Amino acid sequence: METFLLKLKELSSAEDFLQYFGVPFEQDVVNVSRLHILKRFFQYIRQANLLSSGNELELYTAYREQLVKAYADFVKSTPAQEKVFKVFQDTAGRQHVSIDNLRASMTQRMAA
């Protein structure tokens, strides 16, 4: 299991993970959702309690299944819809700035 964990520590990009686990992917999907895919992948690993279980082959297989699932989430959806990161959870994927806040901001900038 140490070999598997050491190899995981060497991986740094979404592409690295997808290639290591042999998951076919579209570069366009990864370009838009790379951080979201990785965060969701690690959320799935924690939810499935896979951090340290089984032998290397079982662990590799289980991790691969979670990565396939995480990647698929963003093939059929968008980061804003999936709400992986707090910024999307807090604003439902929309930013809202009132006209009053804009005016106040402009007034402050013009006074400075």
Next item on the list: Among what's in the range 58-92 and is touching a helix residue (DSSP H, G or I) at 6+ places or on another chain (Cβ under 6 Å), within 14 Å of residue 32 (Cβ to Cβ) and surrounded by fewer than 18 Cβ atoms within 10 Å (Cβ to Cβ), pick the residue that is modelled with the lowest pLDDT.
Entry: 88
Next item on the list: Please work out which residue is farthest from the chain's Cα centre (by Cα), limiting yourself to the range 15-29 and to residues that are at pLDDT 95 or above and of a type in the set (A, V, I, L, M).
Entry: 23
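Residue-wise test of (1) in contact with a Ser or Thr (Cβ under 8 Å, 6 or more places away or on another chain); (2) of a type in the set (A, V, I, L, M, F, W, C); (3) touching a residue at least 12 places away in the same chain (Cβ under 8 Å); (4) surrounded by fewer than 13 Cβ atoms within 10 Å (Cβ to Cβ).
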{"position": "15", "(1), (2), (3), (4)": "no, no, yes, no"}
{"position": "19", "(1), (2), (3), (4)": "no, no, no, no"}
{"position": "24", "(1), (2), (3), (4)": "no, no, no, yes"}
{"position": "38", "(1), (2), (3), (4)": "no, yes, yes, no"}
{"position": "44", "(1), (2), (3), (4)": "no, no, yes, no"}
{"position": "56", "(1), (2), (3), (4)": "yes, no, yes, no"}
Item checked: In the range 1-13, the residues that are exposed (fewer than 10 other Cβ atoms within 10 Å of the Cβ), part of a helix (DSSP H, G or I) and not hydrophobic (A, V, I, L, M, F, W, C) -> 2, 3, 9, 10
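The values are calculated or read from the model by the stated rules, or taken from the named source; none is laboratory data. Note that the structure is predicted; figures quoted are calculated from it, not measured. Don't worry about glycine lacking a Cβ; one is built from the backbone with ideal geometry, like all the others, and counts go over all protein chains shown.
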